[in-house]
Amino acid sequence: MLMLTVPGVYRPQTDTRLLCEALRTASVAPGAALLDVCTGSGAVAIAGALLGARSATAVDLSRRAALTARANARLRRVNVRVLRGDLFGPVAGERFDVITANPPYVPCDRPPGAHSRARAWDAGRDGRDGIDRICAGAAELLAPGGTLLMVHSAVCGVAETLGTLRERNLKAAVVARRTIPFGPVMRSRAADLKAWGLLAPGQEHEEVVVIRADRAEKRG
């Protein structure tokens, strides 16, 4: 699915496509309420709307990303509510049947500037700044029987993500994975990542995974 992007907005890549495939496999029920955080171009939220979600909400901290997501939704002629803000902040108190997330997950040794395009991928020394916050907050926003789908690199610790989600009483598992060559950002960080013990010597590929976490149905 081709998306309009502008400088400073994350362009849909392999991780976006893998997340969209997992969303299709998850079979969004007609009438479902969907939330996509770290939406970037809006590609995943739009995919959810096209799959039949009754309502689709897209959230991003970047002003450019929010404007881009709105433009792409109009071009696709789908109704997506686009909100600018930090992760779950703009939708506090709401409930969703499906939450999707493609958070920043590239390890870095310093935070990006407030207006840096690197905000789309830089995520702290272990790459988990956004991942951990999503794991901590998603359960409260999921409706009974709801599903979280989140994509990130295996460099960031798949077992840690699964464990954190299970601690919040969510049933979690890896549902998709793909091995891809390093892109420009990972290539530029490879030496540091090896020094930090996050990459093996000579490693030039990373595994990207989609993790699914389900909230149990409410019992009467």
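Within the range 178-194, the residues that satisfy the criterion of being within 21 Å of Ala159 (Cα to Cα) and without any contact (Cβ under 8 Å) to a residue 40 or more places away in the chain are Thr179, Lys194. Taking the condition of being part of a strand (DSSP E or B) and either at pLDDT below 95 or over 15 Å from Ala101 (Cβ atoms) (or both), how many residues in the range 190-209 meet it? Here the count works out to 4. When you scan the range 49-67, how many residues do you find that are more than 13 Å from Asp36 (Cα to Cα) and in a loop (DSSP other than H, G, I, E, B)? Final tally of qualifying residues: 4.
Can we say Arg212 is surrounded by 14 or more Cβ atoms within 10 Å (Cβ to Cβ), of a type in the set (Lys, Arg) and part of a helix (DSSP H, G or I)? The answer is no for Arg212.
Looking at Leu18, is it among the aliphatic types (A, V, I, L, M), at pLDDT 95 or above and within 30 Å of Thr179 (Cβ to Cβ)? Before the answer, list the steps.
On the way: among the aliphatic types (A, V, I, L, M): yes; at pLDDT 95 or above: yes; within 30 Å of Thr179 (Cβ to Cβ): yes.
Against the criterion (among the aliphatic types (A, V, I, L, M), at pLDDT 95 or above and within 30 Å of Thr179 (Cβ to Cβ)), Leu18 qualifies.
Say we look at the range 178-189 and pick out the residues that are in a strand (DSSP E or B) and not hydrophobic (A, V, I, L, M, F, W, C); which of these is modelled with the lowest pLDDT? Show your work before the answer.
Filtering the range 178-189 down to residues in a strand (DSSP E or B) leaves 178-181.
Going one step further and asking which of them are not hydrophobic (A, V, I, L, M, F, W, C), we end up with 178-179, 181.
Working: Arg178: 94, Thr179: 94, Pro181: 88.
The extreme case among them is Pro181.
The set of residues from the range 3-44 being of a type in the set (Val, Ile, Thr) and surrounded by 16 or more Cβ atoms within 10 Å (Cβ to Cβ) comprises Thr5, Val9, Thr16, Val28, Val37, Thr39, Val44.
The values are calculated or read from the model by the stated rules, or taken from the named source; none is laboratory data. Please read all numbers here as calculations on a predicted model, not as lab measurements. Ideal geometry is used to build each Cβ from the backbone, glycine not excepted, and the neighbour counts take in all protein chains shown.
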